[in-house]
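Worksheet for the structure shown next.
The values are calculated or read from the model by the stated rules, or taken from the named source; none is laboratory data. Computed from a predicted model, the values in this text were never measured in an experiment. A quick note on method: Cβ atoms are made from the backbone with ideal geometry, for glycine too, and the neighbour counts reach across all protein chains shown. Ligands, DNA and RNA are excluded from the accessible area calculation, which covers all protein heavy atoms including side chains. Shrake-Rupley method; radii C 1.70, N 1.55, O 1.52, S 1.80 Å.
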Amino acid sequence: MRSKEQGKGRQLATPFYLIILAALLVALVLSVLLAITFGNADISFGEVYSVLGHEIFHMERYGEYASGAIHDVVWLIRFPRVLLAVAVGMGLSVCGVIMQAVVKNPLADPYVLGISSGASLGATLAIMLGIGTALGSGFVGIMAFLGAMLTSFAVLFIANMGGRANSGKLILAGMAVSAVCSAFANFVLYIANDKGATAEVTYWTMGSLASAKWENVVVILPIILVGTLIFWTQFRNLNLMLLGDEASITLGTDLHKVRSLYMILASVMIGFSVYAAGTIGFVGLIIPHVIRMLFGTDHKRMIPLCALTGAIFLIWADVACRVILRNAEMPIGILVSIIGAPCFIYLMVKRSYGFGGGQS
C-alpha cells in the first residue's frame, strides 16, 4: 500500500507537467544555441550568430560570413554536431525507456539485447578486414548499423523458438547473441594482429560525435523524432507491459506482436545512433531512471521528458568532451560513463520508486 501511495504521489499534476515540459523545451533550444559557441577555435558569439543568421534567415547584412573558415567551423562542423547530439541523446533515452518496458527490467538499456555487440562486430569487420568498403566513405558506420539490425532480428528469432517470446526469453537471447558477437569481434582482432586498426576499433566503440555531417543529420534526426512520436502514442501498451503478459491478456491485450514491433523500431533508432556516433553507454539507462524517480512511471509523460532531457544531457556532455582537454577531444563514451555510473549508484541508494506496480 505504501509503495502504491509513493508511486501515485510522484505522478505529475497536468499543469506542473506542462510547465516542466515547456521549461525543458526552452532549455533544449538555449542549449543548442549556446553549445555552438564552444570549441577549440576562438570564434566570438557575434561571429557564430552572424553565420547562423546568414544560413538560416538569409540576412544579406551577414553576407561576409557566407564562406570562409569561420563559416565552415560554425555551419559545417559545430551546428550539425550539436544537432546530432540532440538526435542521439533523444534516441538513446527513449529507446532506454522502451527496452526497460519490453523486457520489464529497470536495469535494461538500449543495448541490452546485444545491439551494441552486433554494431561493434560490424565495425570491427569493416575496420580490420575491409568488409563493406564498396558502401562508400561511411562504410564503418553502415556496417555497424547492419550489425545492430541483424543482431536485433537474431534475438527476436531465437526468443520465438520453442514458443512465443516473452521478456525473460528476450533477455536470455540477447545475452547469448551478445556473447557470440563479442567473441567473433575479439577473434577478428586477435587474428588480424594490427595495432593501428585495433586502436581505431577501440576508439570507435568509445563513441564520438566528431564525424557529424549534414548528410547524416538530415536523415537521422527525422527518424529519431518520428520514432519518438510513434512510441509516445503507444503509452498505454507500454504501461501494460510493466504489469506483465498474464495481466495484459487478462485485460484483453496480447502484447506479443507489439513487443516485437517495438523492438524493431527501437533497433532502427539505435542502429542509426550507432552508425553516427558509435556506442555511447549509460544515456539510455540513467535518463529514464532519473525521470521515473522524479516524475513517476506513466509512459505518456516519461517519453517526452526523457527525450528532451537526454538531448540536453548529450549536448553538454559533448561540449565538455570538446573543451575539457586542450587541443584534444575526449571520447564521449568515457565522459558519459564517468558521470553516469556514480550518479546511477547515488540515485539507486538514495531513492526508491515503483517499476510496473512493484517497488524497485
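What whole-number distance in Å separates the alpha-carbon centres of segment 123-172 and segment 318-342? Result: 28 Å between the Cα centres.
Answer with one residue from Ile158, Phe231, Leu242: the one whose Cα lies farthest towards the positive end of the charge dipole of segment 157-253, charges on Cβ with Lys, Arg +1 and Asp, Glu -1. Result: Leu242. Dividing the helix sum by the residues of the chain, where each DSSP H run of 4 or more adds -39500 (n - 2.57), gives a mean residue ellipticity at 222 nm of -23500 deg cm²/dmol. Put a plus charge on the Cβ of each Lys and Arg, a minus charge on the Cβ of each Asp and Glu, and nothing anywhere else: the dipole of the chain about its Cα centre is then about 1300 debye. Rg and Dmax of segment 157-281, based on Cα coordinates, read 18.5, 57 Å.
Enter the accessible area of Ile77 (Å², nearest 10), with the probe set to 1.4 Å and all protein chains included. Rounded to the nearest 10, that gives 90 Å².
Largest accessible area first, the listed residues His58, His256 line up as His58, His256 when surface is computed with a 1.4 Å probe on the assembled protein chains. Annotation: per residue accessible area for segment 178-314 equals 43 Å², rounded to a whole number [probe 1.4 Å, protein chains only]. Magnitude of the charge dipole for segment 1-137, about its Cα centre and with charges confined to Cβ atoms of Lys, Arg (+1) and Asp, Glu (-1), is about 920 debye. Among the listed values [x] 61, 54, 41; [y] 67, 58, 35; [z] 64, 42, 39, the one matching Cα extents along the principal axes in Å as calculated from this structure is [y].
Using a 1.4 angstrom probe on the protein heavy atoms only, could you order Asp42, Asp109 from most to least accessible area? Provide the component values of the computation, followed by the final result.
Numbers: Asp42 155, Asp109 35 Å².
Of Asp42, Asp109, the descending order of accessible area is Asp42, Asp109.
Leaving out ligands, DNA and RNA, what percent of the accessible area of segment 1-155 is carbon and sulfur, probe 1.4 Å? If you can, show how the numbers build up before the last one.
Values: 4690 of 6960 Å².
The value for segment 1-155 is 67 percent carbon and sulfur by accessible area.
Cα gyration tensor of segment 167-237, axes a ≥ b ≥ c as square roots of the eigenvalues: rounded (a/c below 1.5), prolate (a/b > b/c) or oblate?
Details: a/c = 4.42, a/b = 1.33, b/c = 3.33.
Oblate shape, in that a/c is at least 1.5 and b/c is the bigger or equal ratio.
With an a/c value of 1.5 or above and a/b not larger than b/c for the gyration tensor axes a ≥ b ≥ c computed over the alpha-carbon atoms, segment 57-200 is described as oblate.
What size of dipole, in debye to the nearest 20, comes out for segment 177-276 about its Cα centre when the only charges are +1 on Lys and Arg C-beta atoms and -1 on Asp and Glu C-beta atoms? Don't skip to the end; give the middle numbers.
Values: 5 positive and 6 negative charges, 26 e Å.
About 120 debye.
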